[in-house]
Every structure is written in C-alpha cells, then in structure tokens.
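What follows is a set of notes on a single structure, which appears directly below.
The values are calculated or read from the model by the stated rules, or taken from the named source; none is laboratory data. Since we're looking at a predicted model, the values are computed, not measured. Positions of Cβ are generated from backbone atoms using ideal geometry, with glycine treated the same way; all protein chains shown enter the neighbour counts.
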Amino acid sequence: MFSNPYGIKSRNIVIAYASSFLSGLLFFLPIWALYLQKSLFTVENVALIISIQAIATVLFEFPTGAVGDLFGRKRTILLGTLITFFSVIFLYIGGNIWMFIFYAILSSLGAALVTGTDGALIYDTLKVEKKEKYYKKILGTIGVLWPLGAAIASVVGGYLAQNSLSFPILITLVPLGLVVLLVPHHERNPRALARG
C-alpha cells in the first residue's frame, strides 16, 4: 500500500501516503459528539464547539498557506502535526468548555498548516525528479488513504467506546504520534526546497 510509485526515488511520497493513512486513524470519530455531550452536558455547548471548529478551519486556511513558503515545508508540516497531536490531548483531558475550545481551535490550525503544504512538498519532490505528471495521481491516492484510515478507525473506535468514551481519544494519540515521528524523515532537496 505504501510502496514508492512510478519509480520515484524520494521517500517523500511514501511518507505522505503513510501520514495520510495514519492521520485518518481518528478512533474517536464515531463517538465524538457523544463524548462532547457527556462532557459538556448540553447540546448547545456541543454545537458551540463544532461551530468554533468550523469557523476556525475557514479562518486558518487563508494565512497558513504562506507559512510553508516562509518557514519551509517540512517545518510547517511538523508544526501542524504537533499542534494536531496536542489538540487531541486537550480533547482527552476535557473537563471544561475551555479545553474543548482549545481543541477546536488547535485542531483547525494544525490541519490548516498541513493542508496545502504537504501538496507543495509533493509537487516539489516530483519536480526535482521531473515526474510532475504523476502529481494528480499521487494526490488522489493520498486523498483516498485518509478516509480509508478513518473508516477503519470508526469501526474500531465504536468497539473501543463500549467501555469508555474517552479511550478511543487516548488511542488516537498513537497514530498521530507516529505521524509526528514520520515528518523528520521527509527528504529535502536544496534545488526544490530552498528553505525546507
């Protein structure tokens, strides 16, 4: 599943495939609203958190595109994956509405930092190897791997939640931690990634 396709020498594509799949392993997805309602007590509070996350996602998409250009693609992806990891810790700790607001904002910021930057890194990688023609195919594969991971995690997470609604959140930290560990293994090429 994670083989290097099309004779591409760089391992960036394989890392992007693995990261996309692992990022989709959000075991809490099927019980997220139930967990929020149990912790926040009212449907209105749950709606507030979901709304904050949606608004933050839209707001962060605009300025974060330039971050990868300014600070380097690899650093930006690492920052985004770390922020996502810590956002899930806030979700797990819970306890009051502010922890869930931090989760909503941080998860949106983390996703925005990675989205687009990973695509630019892949394009730069392909450009160096003069294989840009595979860009859409590779992005398509990456686009399929996240929902595949999410589908698997939803089945497993639903089973894990039978005993505890917070346990699937705790287990989600494992694949997200692996994503953080994968980022430093991206290859840099000075010709393509001037500041990466």
Determine which single condition PHE71 fails, assuming it passes every other condition in (1) of a type outside the set (D, E, K, R); (2) farther than 18 Å from TRP146 by Cα; (3) without any contact (Cβ under 8 Å) to a residue 60 or more places away in the chain. (3)
Any residue at all in the range 37-58 that is assigned to a helix (DSSP H, G or I), charged (D, E, K, R) and under 17 Å from the mean Cα position of the chain (by Cα)? no
GLY68: farther than 16 Å from SER23 by Cα and either modelled with pLDDT of 95 or more or not in a helix (DSSP H, G or I) (or both), yes or no? no
I'm trying to understand the selection: among the residues of the range 139-178, which are of a type in the set (A, V, I, L, M, F, W, C) and touching a Pro at 6+ places or on another chain (Cβ under 7 Å)? LEU160, ALA161
Consider TYR103 against the criteria (1) among the aromatic types (Phe, Trp, Tyr); (2) within 29 Å of TYR6 (Cβ to Cβ); (3) surrounded by 22 or more Cβ atoms within 10 Å (Cβ to Cβ): it satisfies all of them except one. Which criterion is unmet? (2)
Within the range 111-134, identify whether any single residue is modelled with pLDDT of 90 or more and among the small types (Gly, Ala, Ser), and answer yes or no. yes
Looking only at residues that are surrounded by 15 or more Cβ atoms within 10 Å (Cβ to Cβ), at pLDDT 90 or above and small (Gly, Ala, Ser) in the range 1-51, which one is nearest to LEU145 (Cα to Cα)? SER20
Step by step: first the residues of the range 161-189, then only those that are under 15 Å from TYR17 (Cβ atoms) and aliphatic (A, V, I, L, M), then the one that is surrounded by the fewest Cβ atoms within 10 Å (Cβ to Cβ). Which residue is that? LEU178
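Look at LEU170 and say whether it is under 23 Å from ARG11 (Cα atoms) and hydrophobic (A, V, I, L, M, F, W, C). Walk me through how you get there before you give the answer.
Numbers: under 23 Å from ARG11 (Cα atoms): no; hydrophobic (A, V, I, L, M, F, W, C): yes.
The answer is no for LEU170.
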